[in-house]
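Read through the structure below, which is laid out as structure tokens, and then see the notes.
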Amino acid sequence: MIRSVLQAVFPSLCACCGEALVQGERHVCLACLPELTRTLYTPMDDNPAERLLLGRIPLEKATAMLAFRQGNKVQRLVHAMKFHGGCDLCVEMGRQLGLELLRSGRFDDIDLLVPVPLHWWRRMRRGYNQSELLCRGIAQVFPRPLNTTALVRHRHTRAQSRRRPSERERNVSGAFRVRKPEELAGKHLLLVDDVLTSGATLTGCANALAHVQGVHISVAVLSMAGQ
Ligand SMILES: [Zn+2]
């Protein structure tokens, strides 16, 4: 009863449209849910996420679950994950991404989940790393261990969103470092992030990881821009 009283006074809001959620809805309302456009890339070899990254990083496989466009509901969802204390939302979206990975069978040989790290300063200000929470959601349904300490972001880089692709790559090159290579050596890693735009951030991570002995790299992102 206490829960229903609280719900009436402080209703949970849809992460995409801000309307109050009704019973049975979680995070996203039933009106917005169909507008979260799926890319359907996960079971697909040579999909656009792979094509964007192949040749730039030593990549095994890649996928992006949702299509991100300026002003669409996916953009609002990703924004809510970052800026409104959306911890539960991140974990839930991670679960959905994990279900796609599981169903496709294409990612079965992944050994370890590795979130794209935030610089400690940004992580402290936000209170969490959205990519790490995505990994925690993935691991609930696609059971793999998670490593949050071996790959670190040692340089604070300014927001990428207003930069041109060439500037983005320069901005993050050398920003990542592998601190504990022995924890990653010989493993097939799944690098996880919330948005794939130019690929500069993932390229920065992969360049740092490429020095680790016998490592294989795949990528899973929640959303991909321009699809
Ligand atoms: Zn909504």
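Some points to look at:
- Rounded to the nearest 10 degrees, the angle from helix 73-83 to the longest Cα principal axis of the chain is 80 degrees.
- Angle of helix 200-209 to the longest C-alpha principal axis of the chain, folded into 0 to 90 degrees and rounded to 10: 50°.
- Sequentially through the stretch 135-140, phi angles give Karplus couplings (6.51, -1.76, 1.60; θ = phi - 60°) of 4, 5, x, 4, 5, 5 Hz, Gly and Pro residues having no value and appearing as x.
- Estimated [θ] at 222 nm from DSSP helical runs (n ≥ 4, -39500 (n - 2.57)) normalised by residues in the chain, nearest 500: -10500 deg cm²/dmol
- Distance (nanometres) between label positions extended 7 Å along Cα→Cβ at Cys17 and Arg56: 3.5 nm
- Cross-link reach list, lysines versus Lys73, counting only Cα pairs under 19 Å and skipping chain neighbours closer than eight places: Lys82
- C-alpha long axis of helix 87-104 to longest principal axis of the chain, angle in °: 60 degrees
- Inverse mean reciprocal Cα-Cα distance (Kirkwood Rh) of the chain, Å: 18.0 Å
- Dipole in debye (nearest 20) - the chain, about Cα centre, beta carbon charges: Lys, Arg +1; Asp, Glu -1: 940 debye
- Put in line by how crowded their Cβ is, counting other Cβ atoms within 10 Å and starting with the fewest, Tyr128, Tyr41 read Tyr128, Tyr41.
Every read-out reported here was derived from the displayed coordinates using simple, explicitly stated rules and does not represent laboratory data. Being a predicted model, the structure only gives us computed values, none of them experimental. Positions of Cβ are backbone-derived with ideal geometry, glycine not excepted, and every protein chain shown enters the neighbour counts.
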